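Here is the structure we will look at, set down as structure tokens.
The values are calculated or read from the model by the stated rules, or taken from the named source; none is laboratory data. A quick note: this is a predicted structure, and the numbers were derived from the prediction, not measured. Every residue, glycine as well, gets a Cβ built from its backbone with ideal geometry; the counts of neighbours run over all protein chains shown.
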Amino acid sequence: MSNIVITLALGVGCAVLVAWGVTVLPGERWQIIAAAPVEKGEGGIWRGVNFTWYGALSATAYLVAATVFLALMGAVGIPVFQSATLTGGMLLVCVPASRVIALLVEKKAHTFTVGGAAFAGLLLLYPLIFVLNTTISPATGVSIPFVPALAALAVAYAFGEGIGRLACISFGCCYGKPLYHCAPIIRRLFGYRTFVFHGATRKAVYAGNLEGIPLLPIQAVTSVIYLITGLTGFYLFLTLRFAGAALITLTITQGWRVISEQFRADYRGEGTFSAYQIMGGIGVAGAALMVAVTPATVGLTSDIAAGLSSLWTPVLLLALQGLWLIIFLYTGRSSVTGAYLSFHVHADGTG
């Protein structure tokens, strides 16, 4: 399978998803995907719990990131059991860390930070690979090389965060500055490409008092930058340029994190530079250092067809479906919005 063909096909899929997201997700109806009754109150009115498009899109982002990581590791011959174990170990830490770090930085109990989760993943990668190479690799005869694993993780993160920013559009979070607060060149560039949020449950409205105000579409800009970066890293990985894939992907994604926060209006913690910007800078520096001191990887070949076929097992497919469901329930069950529900029978109902 041609590396260029698979990369272009992946790019077309990303382009279609982003085009759909920026077109429909700012609409008010695209925040809540479903509401379920949980407790009956007076007058037959039920108190309900909301499930959000934020959760569905976040779950999809995690699913895509995990799939990309597993496919890339399989492409260079890492057995799926080892790469899946590595993925599971990182998710067990990174998913809770997305909420814990947000609580520590923003002092809010009901929010998530992908940047914080990514930082935790970078810290965890090397020791987790060391443990797996010490325990599992002797039985399989295949060790996990650090730099290719770092490159695969960086590429997967770029895709995951690129899709995850669509979730932010849906919830109205991670919102940009009002366009009238931006420099003239920014106003000219985005004059007809703003996001306008309506509805009391959108974060830009209840936290920023920005209902009906044209905002810089920073979520969409971030999504496009991250997905293009992910595609670049994906191709570099398949052509065995692992160090380049890792460093280029991490430098652009984390560098943009530092830059993009200057265009955001949501609260990101105290200080001139937020904790997330500092984490991004440390992550890039640490990754560059690890790549520099790690011996060059030799003897690997790349076969993306083999990587994709390695995913086609019942156990792994069920695990990926389970991952989507768990992330959806974890991030999509809204704790900051509520619902009141009532039910009736249509006047012409017969049953």
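Checked against (1) aliphatic (A, V, I, L, M); (2) without any contact (Cβ under 8 Å) to a residue 60 or more places away in the chain; (3) assigned to a helix (DSSP H, G or I), V224 passes all but a single condition, namely (2).
Whether a residue is buried (at least 23 other Cβ atoms within 10 Å of the Cβ), among the small types (G, A, S) and in contact (Cβ under 8 Å) with a residue 24 or more places away in the chain was assessed, and A167 passes this test.
Per the conditions (1) aromatic (F, W, Y); (2) closer than 24 Å to C168 by Cα; (3) without any contact (Cβ under 8 Å) to a residue 24 or more places away in the chain, the sole criterion not satisfied by F263 is (3).
Tell me which of these G162 doesn't satisfy, since it passes every other one: (1) modelled with pLDDT of 90 or more; (2) out of contact with any Cys (no Cβ under 8 Å at 6 or more places or on another chain); (3) more than 16 Å from A84 (Cβ to Cβ). The one condition G162 does not meet is (2). Of all residue pairs spaced 6 or more apart or on separate chains, those with beta-carbon atoms under 7 Å, a first member in region 293-305 that is of a type in the set (A, V, I, L, M) and a second member that is at pLDDT below 70 are I304/M1; A305/M1. When the residues of region 292-351 are narrowed to those that are assigned to a helix (DSSP H, G or I) and of a type in the set (S, T, Y), which ends up surrounded by the fewest Cβ atoms within 10 Å (Cβ to Cβ)? Step by step, filter region 292-351, then rank; the result is S309.
Determine whether G27 is surrounded by fewer than 22 Cβ atoms within 10 Å (Cβ to Cβ) and either at pLDDT below 90 or in contact with a strand residue (DSSP E or B) (Cβ under 8 Å, 6 or more places away or on another chain) (or both). No: the conditions fail for G27.
Please go through region 179-191 and pick out each residue that is part of a loop (DSSP other than H, G, I, E, B) and either among the polar types (S, T, N, Q) or over 27 Å from the mean Cα position of the chain (by Cα) (or both). Spell out how you get there, then give the answer.
Step one: list which residues in region 179-191 are part of a loop (DSSP other than H, G, I, E, B), which gives 182-183, 191.
Once the filter is applied, which keeps residues that are part of a loop (DSSP other than H, G, I, E, B) and either among the polar types (S, T, N, Q) or over 27 Å from the mean Cα position of the chain (by Cα) (or both), region 179-191 yields A183, G191.
So which residues in region 204-216 are within 19 Å of H181 (Cα to Cα), surrounded by fewer than 21 Cβ atoms within 10 Å (Cβ to Cβ) and under 24 Å from the mean Cα position of the chain (by Cα)? Matches in region 204-216: V205, A207, G208. When every residue of region 69-76 is checked against the conditions, at least one turns out to be over 25 Å from S223 (Cβ atoms), outside any helix (DSSP H, G or I), of a type outside the set (G, A, S) and modelled with pLDDT of 75 or more.
Residue check: is L240 within 30 Å of P145 (Cβ to Cβ) and at pLDDT below 95?
Numbers: within 30 Å of P145 (Cβ to Cβ): yes; at pLDDT below 95: yes.
Against the criterion (within 30 Å of P145 (Cβ to Cβ) and at pLDDT below 95), L240 qualifies.
Does region 117-134 include one or more residues that are of a type outside the set (S, T, N, Q) and either in a loop (DSSP other than H, G, I, E, B) or more than 30 Å from V293 (Cα to Cα) (or both)? No, region 117-134 has no match at all.
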